[in-house]
Each structure stands twice: as structure tokens, then as C-alpha cells.
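Notes follow the structure.
The values are calculated or read from the model by the stated rules, or taken from the named source; none is laboratory data. Bear in mind the structure is a predicted one, so any value in this text is a computation, not a measurement. Cβ: placed from backbone, ideal geometry, glycine included. Neighbour counts: every protein chain shown. Accessible surface is based on the protein model in full, side chains and every heavy atom, while ligands, DNA and RNA are left aside. Shrake-Rupley method; radii C 1.70, N 1.55, O 1.52, S 1.80 Å.
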Amino acid sequence: MTNQPTSRPAYEIPATVSAHAHAALEARFAAREQLGRAMVVTTAAAVRDILTGHDEAAPFDAQAVELIEGKDGSLFPTGRYWTAAGGERTFAEAVGLTEAGNGIHGMSEWTAYLNDDNRDVWRPLCGKLDDHDGQPAYALDLIRAAALDLNAPPASKGGMVEVMVCANDSDRYTALVDPADQRDGYVKPWFDLDTVRRIAQQTQADAATYGHGSIDTVHVLEGQDAAQRHDGSLEATRYAVVVVVCWMYLDGEKREEAVQVLHPNEDGRYAVGGHDWCWYALDSQQNPQVPFRP
């Protein structure tokens, strides 16, 4: 028995797998940072609740709280804290053993999420203390913790910048993007009309090759009028309408969204695909930048 060569590859890899992998990793890192920020602020709230009996309007005096790092890298409270004047106290002294024990137990459920994954968030807010029974100990600055922005700062801010973008690891186009307008690391490119014509030609060719059910096609419909000037010459007025067709929507519940007319911005540029096409910026070596950081 002889082995016959296969007529096609055993399986195909999506062209966007690299971009999706980078986006997934970036989203994971962003989620870790977001969790760290939320847990730092929640820790400050837990100290307040312990000392006030959950009365948000009641006065209390706490500047820092002790946290111990366990063997798994997560933090947990000991019940020791410092007042604004620098005095050292314990929750038990402030509210009694029972309330302190219950408070520390509840607080530990939140501080356990502060660990190596988000060390870059909580560690700058901590002062190093002497080890506690061989375990690293820290004094978390509650004033700074409570003031921490719950949202991670955007990658960058500012106006449009010109970059090369791609959505399928092969076709590259020059576009303007706003670095602050990203979704999961993908950018929203704005193309001039000549580039839109190139994208239209490529998407239609891809649909003819691979089938319309898997390719959104772009179409540039153009027309013109001619008006006579006072000197008898003709002045042409040209029109362009950019349409995107999502063929897979035509037979489903989203059929009314299958055809989209794109409107140009004030500079005459079109956001073909928006964020939905997962456009990613390329660096000077033509490598994906997900997220984009100019």
C-alpha cells in the first residue's frame, strides 16, 4: 500500500491568529492591572468599614495598614495599622476581638487578589516593613490607595498619527489613527478615498476567491455632475459613496445591518471596518503593535 500525497493542507490557520494572540495577551495584562487597582481601593474601603462599623460617614483615623505576603505571593492583613499621627494600633484594640476577627477575615478575601500578577500596581503604594515570621511585610499607604484611579490610564493621548495598518497579516495600508481610540489593542483607521478604492478592490477579489459568506466587501460608488461656468466651460462635481456589505448577515436576523454606508469625517476620510475588523498598527519593522503605542 502506498501513501498518496494530500491534495490540500491538513488544516488551515486563520490569517489573524497572531493579532488575536497578541490582543488576548494584552487584554490579560490589562485585566490584571484593573483587578489590582480595584482591590487596592477595596482594601482601603475595608479598613474604613472595620473601624467605622460600615458607617461611611463616621470619622476614623487610619494612614496605613500592614499586609503580609504569603508563600503564593498573595497578601493578607494582620490587623495592625497606623494612624495619621504615626501611632501603631490593631483592629482588636479599636473595635474588639470579635469585630476585628470578622473584619480581617472579610478583608482577606479581597487582599488575596493582590499578588505577583499585579505587583506593579500595589507595590509602589507600600513601604517595606521587617519580615513577619520570615514572610515579607508591607505598610500599604491607605491615603494613596483610596485615591488610586480605578481605571488604568489609556495607552496614549493626543491627535491622529499616520501609521501602516493591517487586518489579515498580508494587506497593508497607510491610515490615520487616534492612539487613544483602541479596543483591545486594535485601532480604528481612517483612510483617504484612494486607499478605500484599493481596499474595495482587494475585498472584492478575496470574496471572489474565498466566497462572499466569509468576506465583507467594500464598494465605492462614484458619479458626477457637470455645470456650465460663466465663461462657457464645464465644472464637474464628483460624488463618492462608500458601502460595506456583510454578506453573512443577509439571510439572518441582522439582515438590516448587512449594508452599511460609511460617512467621511471632516477630512474626507473613511473608517472602513472600524474596530470590528481588528485592524492593528505595524511598527517600522512591519511587526504588529497590539496595543498600538506611538
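Values as computed for the structure displayed
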{"read-out": "All positions within segment 170-187 that are open to solvent by 60 Å² or more (accessible area, probe 1.4 Å) and not polar (S, T, N, Q)", "value": "ARG172, ARG183, ASP184"}
{"read-out": "Selection within segment 120-156 - free of Cβ contacts under 8 Å to residues at least 40 places away in the same chain and farther than 28 Å from ASP55 by Cβ", "value": "ARG123, PRO124, LYS128, ASP130, ASP131, ASP133, GLY134, PRO153, PRO154"}
{"read-out": "Residues located in segment 95-118, provided they are over 13 Å from LEU75 (Cα atoms), touching a residue at least 24 places away in the same chain (Cβ under 8 Å) and either open to solvent by 50 Å² or more (accessible area, probe 1.4 Å) or aliphatic (A, V, I, L, M) (or both)", "value": "VAL95, GLU99, ALA100"}
{"read-out": "Candidate set from segment 236-245 (those that are free of Cβ contacts under 8 Å to residues at least 24 places away in the same chain and within 17 Å of ARG197 (Cβ to Cβ)); member that is most open to solvent (accessible area, probe 1.4 Å)", "value": "ARG238"}
{"read-out": "Check on LEU51, within 30 Å of TRP279 (Cβ to Cβ), open to solvent by less than 90 Å² (accessible area, probe 1.4 Å) and either modelled with pLDDT of 90 or more or touching a strand residue (DSSP E or B) at 6+ places or on another chain (Cβ under 6 Å) (or both)", "value": "no"}
{"read-out": "Helices (runs of 4 or more DSSP H) contained entirely in segment 1-111, each with at least 1 residues that are among the β-branched types (Val, Ile, Thr) and within 25 Å of TRP122 (Cα to Cα)", "value": "17-52, 97-111"}
{"read-out": "Residue check, ASP141 charged (D, E, K, R), in contact with a helix residue (DSSP H, G or I) (Cβ under 9 Å, 6 or more places away or on another chain) and at negative phi", "value": "yes"}
{"read-out": "Filtered residues of segment 15-39 (kept if of a type in the set (A, V, I, L, M), open to solvent by 40 Å² or more (accessible area, probe 1.4 Å) and under 30 Å from MET107 (Cα atoms))", "value": "LEU25, ALA27, ALA30, ALA31, LEU35"}
{"read-out": "Any helices (runs of 4 or more DSSP H) falling wholly within segment 119-237 and containing at least 1 residues that are closer than 30 Å to ASP72 by Cα and at pLDDT below 95", "value": "119-122, 142-146"}
{"read-out": "Among residues of segment 246-294, those that are open to solvent by less than 20 Å² (accessible area, probe 1.4 Å), part of a strand (DSSP E or B) and over 30 Å from GLU26 (Cα atoms), counted", "value": "0"}
{"read-out": "Every pair of residues 6+ apart whose Cβ atoms lie under 7 Å, when the first sits in segment 182-209 and is in contact (Cβ under 8 Å) with a residue 60 or more places away in the chain while the second is basic (Lys, Arg)", "value": "TRP190/ARG269; PHE191/ARG269; ASP192/ARG269"}
{"read-out": "Selection status of ALA62, over 24 Å from ASN151 (Cβ atoms), open to solvent by 50 Å² or more (accessible area, probe 1.4 Å) and over 34 Å from the mean Cα position of the chain (by Cα)", "value": "no"}
